[in-house]
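Okay, structure first, notes after.
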Amino acid sequence: MGTTDKDTLFEWDERKNLINVQKHGISFDSAIVVFKDELRVEYYDEIHSVDEDRFIVIGYAYDILFVVYTMRNNKARIISARLANDTERNVYYGRFKRRENSAKKDFFRSKADRRPDKRN
């Protein structure tokens with residue numbers, strides 16, 4: 001289950017939340033506001049879903065945020081939250097143009113995987 005709705009419950013590790021605030025200046029409590037954004041972009045994070053299914057949501061919560069979460073026991077567990085970078089903002093505003101007609105997964109490949117010699 002990768003999408004959330006108004007009845008979704010949220011949880012997070014408070015220690016990880018404090019680290020996230022120090023590192024990115026974004027609390028998980030404020031990050032969950034992105035799930036109320038009807039224009040949010042949300043999809044499966046194929047690259048980082050090794051031990052558990054992870055999802056990415058880019059949405060507006062006082063600014064455009066990039067939030068990673070997983071579903072555990074019918075709750076969205078926040079993993080990280082930060083300000084979206086320019087490319088992620090372009091995804092949110094629909095300005096990210098793809099060279100292929102495949103899913104958005106290529107956008108979130110690691111930097112090494114995005115080098116021209118590594119592309120499929």
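The values are calculated or read from the model by the stated rules, or taken from the named source; none is laboratory data. Computed from a predicted structure; not experimentally measured. Cβ atoms come from the backbone with ideal geometry, glycine included; neighbour counts cover every protein chain shown.
May I ask you to list pairs of residues, at least six apart or on different chains, whose Cβ atoms are under 9 Å apart, with the first in the stretch 14-29 being at negative phi and of a type in the set (Lys, Arg) and the second being surrounded by 15 or more Cβ atoms within 10 Å (Cβ to Cβ) and part of a helix (DSSP H, G or I)?
Sorted first by the residue in the stretch 14-29, then by its partner, the pairs are Lys16/Phe28.
Just to confirm my filter: which strands (runs of 3 or more DSSP E) fall fully inside the stretch 8-120 and include at least 2 residues that are modelled with pLDDT of 95 or more and surrounded by 16 or more Cβ atoms within 10 Å (Cβ to Cβ)?
The strands (runs of 3 or more DSSP E) meeting that bar are 54-60, 64-72, 75-83.
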